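The values are calculated or read from the model by the stated rules, or taken from the named source; none is laboratory data. Every value quoted in this text rests on a predicted model; they were computed, and no experiment measured them. As a convention, Cβ positions derive from the backbone with ideal geometry for all residues, glycine included, and neighbour counts pool all protein chains shown. In case anyone asks, the SASA skips ligands and DNA or RNA and just uses the protein heavy atoms, side chains included. Shrake-Rupley method; radii C 1.70, N 1.55, O 1.52, S 1.80 Å.
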Amino acid sequence: MVTKRNRREARQYAFQMLYANEFHTDQNDVQFPEGNIHKAMDKAYANSIIEGVLSNVEAIDATLQPFCKSRKVANLDKVDRSILRIAVWEMTNKVESLEPSIAINEAIQLAKEFGSDASYKLINAILDAYNKSK
């Protein structure tokens with residue numbers, strides 16, 4: 001059974017994989033110990049996020065750019081950029097799109113856990129502006 005907690009864990013796993021991917025040119029170099037995967041985690045959803053973001057990264061970044069007023073998406077902090085990409089993918093995924101308010105809230109939670117003290121404010125501002133533009 002898929003629960004909110006299972007999906008949150010899937011998001012955290014996907015975030016960690018996407019963040020690690022920022023440091024490698026070859027995705028095959030990125031390894032995540034299987035022992036760290038919680039048995040109840042929605043692994044299929046985590047893999048869906050990872051594959052969806054990686055295969056659409058240019059389009060996602062182009063979608064985000066108009067809402068990153070002060071800098072280019074490529075120059076954002078790697079943590080913030082990875083979180084933003086997940087949120088935009090979740091809001092635009094054709095198979096199983098997530099309600100924007102939920103995607104934004106989940107992104108804020110990731111930012112509070114993994115980002116800097118100001119990350120969640122930046123993430124909220126960018127995603128809120130993106131959502132209002134749709």
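In debye to the nearest 20, how big a dipole does the chain give about its Cα centre with +1 on each Lys and Arg Cβ and -1 on each Asp and Glu Cβ? Kindly include the intermediate steps, with their values, before the conclusion.
Details: 18 positive and 18 negative charges, 90 e Å.
Here the size comes out at about 440 debye.
Measuring from label point to label point, each 7 Å out along Cα→Cβ, what is the S97 to E22 span in nm?
Taking the two extended label points, one gets 2.7 nm.
Taking 0.36 nm per residue of sequence separation and subtracting the Cα-Cα distance, how much length would be gained by fully extending the chain between R71 and E113, in nm to one decimal? Walk me through the intermediate numbers first.
Values: separation 42, 0.36 × 42 = 15.12 nm, distance 2.33 nm.
Gain on extension, R71 to E113, equals 12.8 nm.
Ignoring any ligand, DNA or RNA, what whole percent of the accessible area of the chain comes from carbon and sulfur when the probe is 1.4 angstrom?
49
Kindly provide the trypsin sites (Lys or Arg not before Pro) of the range 62-111 that DSSP labels as loop, not H, G, I, E or B, and whose Cβ sees at most 11 other Cβ atoms within 10 Å.
Numbers: sites: K69, R71, K72, K78, R81, R85, K94; in loops: K69, R71, K72, K94.
Counting only loop positions with at most 11 other Cβ atoms within 10 Å, the trypsin sites (Lys or Arg not before Pro) in the range 62-111 are K69, R71, K72, K94.
Label point 7 Å out from A129 along Cα-to-Cβ: which residues of the range 65-84 have amide N under 13 Å?
Once the point is set 7 Å along Cα→Cβ of A129, 65-73 turn out to lie under 13 Å by backbone N, inside the range 65-84.
Quote the accessible area belonging to F67 in square angstrom, nearest 10, computed with a 1.4 Å probe and with ligands, DNA and RNA left uncounted.
Using a 1.4 Å probe on the heavy atoms, I get roughly 40 Å².
Based solely on C-alpha atoms, express the radius of gyration and the Dmax of the chain in angstrom.
Spelled out, the Cα radius of gyration and Dmax of the chain are 13.9, 42 Å.
Accessible area per residue for the chain in Å², computed with a 1.4 Å probe and the full protein assembly in place, what is it? The partial results should precede the final answer.
Working: 7680 Å² over 134 residues.
Per residue, the chain has an accessible area of 57 Å².
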